[in-house]
Structures are given as structure tokens and as C-alpha cells.
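In what follows, a structure is listed as C-alpha cells, so that the remarks can point back to it.
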Amino acid sequence: MGIIKKIFGLETRASLDGGTITPETDAALLRALVGTGEITAETALEIPAFSAAVDFISCTVAMLPVKLYRENTELHKTEEITDDRRLFLLNDEANHVMSALDAKRAQVRDMLINGAGYLYIDHGEALYYVKHGDISVQSNSEPIFRDFDILVGAKRYYTFDFVILTRGSSDGVTGRGAVREHKTLLSAMYNALKYENVISRTGGNKKGFLQAEHKLSQEAFDKMKMAWEELYANNGNNMMLLNDGVKYVPSASTSVEMQLNENKRTNSELIAAIFGLSPEVISGTANTAQYMSAVRTAVLPVVEAYQAALNKALLTEEEKGRYYFTLDTTELLKGDTLSRYQAYALGLQNNFLQIDEVRYLEDIEPIGFNYVKLGLQDVLLDPKTNTVYTPNTNQTAQMGRVPSASNQMLTKNAENTGEEK
């Protein structure tokens with residue numbers, strides 16, 4: 001303990017024999033700095049950077065609308081399904097109490113913090129979020145053909161009764177959350193917060209010690225100790241009178257105290273890196289490039305995991321392979337008008353979007369424009385029939401065949417016109 005006190009600049013020199021009184025606050029500060037309490041999900045969320053990172057990812061994923069598609073492998077096309085009960089549960093109301101947004105956000109939060117988030121499937125009619133702390137997982141001893149039972153309270157369920165979202169999982173049912181993987185860093189940051197809390201409780205008074213020229217009696221020692229505690233209590237304008245021969249000697253700031261703020265900034269950046277974010281995203285000062293980078297590195301991996309969890313749990317065996325759920329990430333672009341419009345322009349220019357489709361995405365009433373723009377400079381080839389169409393001359397030709405008489409005449413006239421010129 002003596003080494004620790006020297007490191008933190010809290011080595012006591014107080015004793016009755018030495019005529020010095022050390023503030024009781026030093027012991028409290030030491031306990032706050034070297035606290036031995038295990039970091040938990042609740043204490044980790046008290047760290048601002050950690051809470052902000054979790055909220056950014058969970059809220060971003062939760063706000064994305066879930067869509068259901070049916071794939072036609074013969075026609076090589078997909079069809080969006082809009083009248084399915086499961087879409088109502090995933091986008092509007094998860095159950096009679098909880099909205100779909102809150103349920104998805106809570107599930108993603110549990111996944112990030114604890115490693116797994118659970119939604120109970122109530123016969124396809126409702127989805128109920130279950131807290132991670134209320135879940136117990138039991139596994140058989142088979143190393144390959146593993147099977148699990150999920151206990152909620154005293155009731156036993158199967159894995160297919162839940163939509164299970166995991167992080168860092170090796171079995172598909174449980175995972176490793178950020179609290180478990182980075183408990184040392186989170187514990188250091190939490191202890192720094194406790195240190196600041198102790199400072200604020202003492203009114204921000206600078207640490208120091210009292211030095212007496214002569215040995216104090218026990219009665220004088222007790223009175224001075226009580227007065228010292230009242231001085232450091234943050235409950236009013238307290239004061240303390242020093243008798244003749246007693247003086248206050250302020251303690252110098254230790255290197256740990258001077259570097260505390262710098263360490264806080266560094267640790268906040270490390271927490272951002274844990275989740276694949278930048279410090280600017282956590283502080284709310286990110287520009288468009290930084291925001292989109294955060295979406296790619298932190299949000300999209302969770303989106304992919306969520307889609308896989310939905311397809312595994314909410315599709316029947318007959319539907320798997322033909323139907324699939326997706327989270328519509330186009331909503332992420334709606335925060336940047338310029339990037340969104342540039343993407344639309346690219347789609348219109350290359351003819352994989354039409355004007356009314358763009359207006360639909362922007363929630364604007366369609367105008368009935370069903371034409372696809374074609375450039376006259378292009379030559380179109382149908383690879384199935386080997387038919388070539390030239391819009392500029394309105395001619396159709398078959399590859400590998402001799403052109404018709406009319407086409408030959410047009411070609412000859414075009415050549416003669418070129419010779420005359």
C-alpha cells in the first residue's frame with residue numbers, strides 16, 4: 001500500500017508524534033482511484049463515451065425499416081412483400097406494450113454490451129424483448145452437435161423461440177460483449193469518474209495537510225479533524241481556524257492528477273475504436289465523411305448480423321431460400337441531401353432507377369413518367385436473340401446474318417452521302 005500511495009502522491013506524513021494531520025479525504029481519493037469493484041453493464045454505461053457509442057449504433061440500427069422480399073430464381077427478379085404480419089411487428093409494434101423501435105434498440109444494446117440480445121417470438125403474433133440478465137443458457141456436453149436450452153425464470157425454452165443477436169459468438173446463442181472484452185479499460189475510466197466525484201463532493205478544495213510545530217493533544221487532534229472534515233464537506237460555506245503553531249501546507253499535484261484529463265481523452269478515443277467509431281461521431285461533431293465511415297465500420301456489421309438473425313428465426317423452413325429479410329440502409333443517406341441526390345442521379349443516368357421510383361423513395365407523389373431514357377449514340381444488343389438495335393437509325397439487325405435489302409439500301413445511301421461530302 002505504501003508504494004501505491006507514493007505513486008498517487010498520497011503518502012501520509014500524519015502522526016501525533018510528528019505533529020502533522022493528514023486529511024481523511026486522501027484515503028477516500030485513494031480508494032476511488034484503486035477501486036476493486038468489478039465493472040458491470042450498469043457501471044460501464046455511466047461512462048459518457050461508452051454510453052454514447054452504444055446509443056449511436058443501437059439507435060441507428062433500430063431506426064432502419066425492415067423489408068421482406070421473395071426471390072424468383074427462374075425470372076431472376078425479386079418481389080417486395082408488404083402485407084406480412086411479421087413486418088408490422090418489426091417496424092411498428094413489437095407487442096401491445098413496446099414499440100418495434102424500442103424492442104430493436106434494446107436488443108442491439110444488449111448485444112453490444114453483454115454479447116447477446118433476445119426477442120421472444122410469441123407464435124408469430126408478437127415479439128417480446130427479454131433482458132439479458134433474465135436469460136440463462138444451458139448446453140449439452142456434445143462438442144460438435146451442440147444443443148441449447150434457454151431458461152427465463154423457471155421456464156424452459158428452445159433456441160428457435162427467440163430472435164438471437166450475438167457479438168463475438170462461438171455457438172450462436174451466447175457472445176462476448178464489450179464489457180467483458182474491455183473490462184480493464186472501462187474500469188480505469190469508471191474509477192476516474194469516481195475520482196472526480198470525490199473532488200466535487202469536497203467542494204474542489206486542493207488537497208494538503210496540516211503541520212503543527214508541537215505535538216497536539218488528543219482533544220486538539222479530534223477537534224481539528226472534525227473541523228477539517230466539515231471544511232471538505234460540500235454542503236455550504238464552511239471555514240476552519242488554525243491555532244498558533246499550526247499551518248496548512250498544500251500538496252503538490254501528482255503526475256496522475258495532471259494527466260487525468262489527457263487520459264480521459266485518450267481513453268474516450270479507445271472506446272470509440274472498440275466499436276469502430278471516431279471520437280467526432282461520439283461527440284456529435286462528425287462531418288459527412290466521418291459519419292459514413294462510422295456507418296460502414298460500426299453499423300453495417302450489426303445490420304448484417306441482424307438480417308441473419310431475422311432470417312434464421314422468423315422464416316419457416318419452406319420460406320428459407322426463397323424469402324429474406326433486409327434492413328433498408330438507404331435511410332442512412334437521408335441525412336445528407338447532396339449525397340442522396342447524387343446517388344439518384346447516377347441511378348437515373350444508368351437506367352436502373354426511374355423518376356417515379358426516386359419520387360417514391362423521397363415520399364413524393366409519382367407523376368406517371370414510365371419511360372426509360374435511351375441515348376441515340378448507343379447500340380443495344382439482346383444477348384439472348386443476338387439482335388442489334390440502333391436507336392439513331394431505328395434499325396434492327398441479326399448478328400451473323402446478311403442485312404435485308406432495305407437495310408442495305410440505307411447503308412449504301414449513307415455511304416454515298418459520305419462520298420459526296
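Give me the number: length gained by fully extending Glu46 to Arg70, i.e. 0.36 nm times residue separation minus the C-alpha to C-alpha distance, one decimal in nm.
Length gained, Glu46 through Arg70: 4.3 nm.
Please list His132, His76 in order of solvent-accessible area, largest first, computed with a 1.4 Å probe with all protein chains present.
From most exposed to least exposed: His76, His132.
If the limit is 21 Å between Cα atoms, which of Lys77/Lys320; Lys104/Lys131; Lys104/Lys155 go over it? Let's see the in-between values first.
Working: Lys77/Lys320 16 Å; Lys104/Lys131 12 Å; Lys104/Lys155 23 Å.
Too far apart for the 21 Å limit: Lys104/Lys155.
Go through the range 302-317 residue by residue and turn each phi into a ³J(HN,Hα) via Karplus (6.51, -1.76, 1.60, θ = phi - 60°); whole Hz please, and just put x for glycine and proline.
Per residue, the Karplus-derived 3J(HN,Hα) values read 5, 4, 4, 5, 5, 4, 5, 5, 5, 5, 6, 9, 9, 9, 6, 5 Hz.
Could you give me D for the range 61-166, from Stokes-Einstein at 37 °C and 0.692 mPa s, where the hydrodynamic radius is the Kirkwood radius over C-alpha pairs? Units µm² s⁻¹, please. Don't skip to the end; give the middle numbers.
On the way: Rh = 15.4 Å.
D = 213 µm²/s.
What FRET efficiency comes out for Glu79 versus Glu365 if R0 is 25 angstrom and r is the Cβ-Cβ distance? Round to the nearest 0.05.
Calculated value: 0.60.
For Ile121, what accessible surface area do you get with a 1.4 Å probe? Give it in Å², rounded to 10.
About 30 Å², rounded to the nearest 10.
Calculate the FRET efficiency for Ser139 and Arg176 from the Cβ-Cβ distance with a Förster distance of 22 Å, rounded to the nearest 0.05.
Once the sixth-power term is evaluated, E becomes 0.90.
Take the alpha carbon atoms of the range 142-182, find their center, do the same for the range 281-320, and report the distance between the two centers in whole angstrom.
A separation of 20 Å, based on Cα centres.
Find the relative contact order for the range 275-352 and round it to a whole percent, using C-alpha pairs within less than 8 Å whose residues are 6+ positions apart.
It comes to 20 percent, rounded to a whole number.
At 1.4 Å probe size, put Phe325, Phe352 in order of accessible surface, largest to smallest.
Largest accessible area first, the residues go Phe352, Phe325.
Which FRET efficiency value, to the nearest 0.05, is calculated for Val97 and Asp149 with the Förster distance at 30 angstrom and r the Cβ-Cβ distance?
0.70
Subtracting the Cα-Cα distance from 0.36 nm times the residue separation, let me have the gained length for Asn394 to Thr184 in nm, one decimal.
Here the segment from Asn394 to Thr184 would lengthen by 68.3 nm.
Tell me, in nm to one decimal, what length is gained between Val198 and Glu331 on full extension, where the rule is 0.36 nm per residue of separation less the Cα-Cα distance?
Length gained between Val198 and Glu331: 43.4 nm.
Could you sort Glu196, Glu93 by accessible area so the largest value comes first, with the probe set to 1.4 Å?
Glu93, Glu196
How much accessible surface area, in Å² rounded to 10, belongs to the heavy atoms of Glu219 with a 1.4 Å probe?
Spelled out: Glu219, probe radius 1.4 Å, area about 120 Å².
Using a 1.4 Å probe and ignoring any ligands, DNA or RNA, find the accessible area of Thr390 and quote it in Å² to the nearest 10.
40
Under a 5 Å amide H to amide H cut-off, with H placed in plane at 1.01 Å, what residues pair with Gln395 once short-range neighbours are removed?
Amide H to amide H, under 5 Å and 5 or more residues apart or across chains, Gln395 pairs with Thr390.
The values are calculated or read from the model by the stated rules, or taken from the named source; none is laboratory data. Since the structure is predicted, the reported quantities are computational estimates derived from the model, not experimental observations. Please note: Cβ atoms are built from the backbone with ideal geometry, for glycine as well, and neighbour counts cover all protein chains shown. Just the protein is used for accessible areas: all its heavy atoms, side chains included, with ligands, DNA and RNA removed. Shrake-Rupley method; radii C 1.70, N 1.55, O 1.52, S 1.80 Å.
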